[in-house]
Amino acid sequence: YEALRRLYSLHGRGSLSTLSTDKDVCDQRLALWASNQRKQYANYLKGNKSALTPSRIKLLEEINFDWELQSEDDEWGEMKAALMNFKKEHDHCFVPAAYTKDLRLGQWVHLQRQLYQLSKRDDIIDVAIPSKLNEEKIKELIDIGLDLTMDNFSFGNIAFETMWTCRVEELQRFKEEHGHCNVILDYTSKYYDLSLWVNEQRILYQRAKEGIGSQLDGKRIKDLEKLGFLWNEEIELSE
């Protein structure tokens, strides 16, 4: 429940409605758990045996749990509109898979590209692909400006800049709130994902010092240092 509450607080309800086979195992388990709550709720309403109690139902309703998932057409229209808004803001459609402002959009875009590329592979022609991406939807995505044919590595590299900007802006907000950039690992915090990213930057920085190339270039290092980012140590803070 706490994992779902935190996901909703960060990315809104509906974050688990789009599943991809290569998503993180924890995400898959959480999605399955949420699906089971819906089944248990249906049993509860029918008066059948259910693991859901009134107190548990109340907890889920407090976080606006979506008891019924959207229809396929409703979800398509909503996500297409979200992609159009993204393009309006960024002037491109290179949405990071882990887009912090809208995790659901990032996963959805990743899934559409994955389904399109799988459908074009001749070597898996005899394998059933659960694709709902018909020619009409493909045209709609292309008309918006989404590149469905670019390889994932190149797409990810371009999308990285969007992700970087979002994280730096989030770190700036954290500093304005706390007066420092030392984001402590805390699973219950709204800044948990940011803390993982901060830790990753420190690892990349150490690798850079060892001559190992990464996307953490000199400009990005300076951008973080301007915020007062600490590379080699964590400070003890009392708030």
Checklist entry - Any idea of I212's accessible area? Nearest 10 Å², probe 1.4 Å. => result 80
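If K49, K80 are ordered by their accessible area, calculated over protein heavy atoms with a 1.4 Å probe, which sequence runs from highest to lowest? Working shown, then result.
Details: K49 190, K80 55 Å².
Output order, biggest surface exposure first: K49, K80.
Want the number for K222 to I142: 0.36 nm per residue separation, take away the alpha-carbon distance, what's left?
Working: separation 80, 0.36 × 80 = 28.80 nm, distance 3.67 nm.
Gain on extension, K222 to I142, equals 25.1 nm.
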Checklist outcome for this item: Percent of all alpha-carbon pairs of segment 134-175 at distances over 12 Å, whole number, is 69
Checklist outcome for this item: Highest mean packing first, using Cβ neighbours within 10 angstrom, the peptides 187-193, 133-139, 89-95 sort as 89-95, 187-193, 133-139
Checklist entry - Rg(Cα) of segment 26-66 divided by 2.2 N^0.38 Å? => result 1.16
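With contacts defined as alpha carbon pairs under 8 Å and 6 or more residues apart, what's the relative contact order of segment 56-122 in percent?
On the way: 23 pairs, mean separation 11.8, N = 67.
Normalised by residue count, the contact order of segment 56-122 is 18 percent.
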Checklist outcome for this item: segment 161-239: spread of alpha-carbon positions along the three principal axes, whole Å, largest first, is 37, 27, 23
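The values are calculated or read from the model by the stated rules, or taken from the named source; none is laboratory data. Since the model is a prediction, treat every value here as computed from it, not as a measurement. No Cβ is skipped: glycine too gets one built from the backbone with ideal geometry, and neighbour counts run over all protein chains shown. To get the accessible areas, we keep the full protein, side chains included, count just its heavy atoms, and leave off ligands, DNA and RNA. Shrake-Rupley method; radii C 1.70, N 1.55, O 1.52, S 1.80 Å.
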